[in-house]
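What follows is a set of notes on a single structure, which appears directly below.
Throughout, read-outs are computed from the coordinates displayed, never taken from laboratory work. Note that the structure is predicted; figures quoted are calculated from it, not measured. Ideal geometry is used to build each Cβ from the backbone, glycine not excepted, and the neighbour counts take in all protein chains shown.
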Amino acid sequence: MMMINQGVNVMMFFDFGKGPVPAHKHPNGGGWVADTAKVADTAYVGPNARVYEFAQVSEFARVDEFARVFGEARVFGDAQVYGNAQVYGRSYVYENSQVYDYASVSENADISGYAWVYGDALVSGNANVFGYAQVYDNALVYGNAQVYDVARVYENARVYEFARVYGHARVFGDARVYEFARVYGHARVFGYAQVYGDAKVSGDAQVYGSTQVYGNAWVSGFANVFDDARVYVDAKVYGDAEVYGYARVFGDARVFGYAQVYGYAQVYENALESGDTN
């Protein structure tokens with residue numbers, strides 16, 4: 001911090017990391033705020049927090065502990081940014097949402113509602129996290145992806161491009177959900193599984209292992225697809241069916257009921273399978 005006495009006026013400077021710039025301590029909390037940034041008197045900036053560049057913090061928002069808000073980011077409503085979190089770019093954090101720990105929200109990302117982003121998670125691009133959703137651990141949500149309702153994305157999972165995860169769905173482990181895929185209901189996608197294209201996983205279905213579900217495929221009900229199985233094109237797996245091993249279900253095939261497709265089996269074209277195939 002530097003002070004320059006200009007007669008009756010004292011100009012203060014603070015180095016936010018790129019050299020000293022004109023700055024002041026916010027009256028509500030005592031944290032440093034660059035003169036180029038805007039922080040409402042009703043907002044709180046803790047003594048170790050920083051708001052700089054052209055960022056705005058307004059209404060009853062709180063920036064606390066060692067958090068940083070910069071770029072052209074906006075934090076408002078009753079939102080909280082704390083811990084070592086960073087909010088920057090042109091991102092918005094608002095309503096009752098929270099960003100904390102070492103999480104980052106950047107570019108044009110939008111965090112709202114009662115959503116939480118924490119751990120080492122990153123939300124970037126044009127991604128939206130809202131409702132009561134949570135993104136945490138080392139998860140990444142980016143591109144134009146959306147995570148909402150009470151969905152959870154965590155561990156090392158990635159949700160990106162135009163994918164949607166919502167309802168009570170969980171995406172975790174090293175799973176990937178991308179392109180225009182949808183995971184919703186109480187579905188679980190985990191392990192090294194990939195869901196992409198226009199594929200859907202819904203209901204109480206589970207997709208895990210190194211499985212891939214893609215194209216216009218749909219896994220629903222209480223179905224399980226795991227190991228190195230593939231479900232693709234316009235195939236549907238539902239009911240209490242299981243597809244596993246190195247099995248392939250594709251075309252317009254339907255696997256349902258208590259069917260099990262496993263080993264190196266293939267079910268395709270217009271086939272209907274409700275028993276065991278290996």
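Amide H contacts for VAL21 (H built 1.01 Å from N in the peptide plane; partners 5 or more residues away or on another chain; cut-off under 5 Å): PHE14, ASP15, PHE16.
Cross-link partners for LYS25 among the lysines, with Cα-Cα distance under 21 Å and sequence neighbours closer than 8 places in the same chain left out: LYS38. If I take every Cα pair under 8 Å that is 6 or more residues apart in the chain, average their sequence separation and divide by the length, what percent do I get for the relative contact order? Once normalised by length, the contact order is 6 percent. Rounded to whole numbers, the Karplus 3J(HN,Hα) couplings from phi for the stretch 50-66 are 9, 10, 8, 6, 10, 5, 10, 10, 9, 6, 10, 5, 10, 10, 9, 6, 10 Hz, using 6.51 cos²θ - 1.76 cosθ + 1.60 with θ = phi - 60°, and x at Gly and Pro.
Close amide H partners of VAL57, meaning residues 5 or more places away or on another chain with modelled amide H under 5 Å apart, are LYS38, VAL39, ALA40, VAL75. Ranking VAL195, ASN28, VAL75 by Cα position along the charge dipole of the chain, where only Lys, Arg, Asp and Glu carry charges on their C-beta atoms, puts ASN28 farthest toward the positive end. Cross-link reach is defined here as a Cα-Cα straight distance under 18 Å, omitting same-chain residues fewer than 8 places apart; for LYS236 the lysines meeting it are LYS200.
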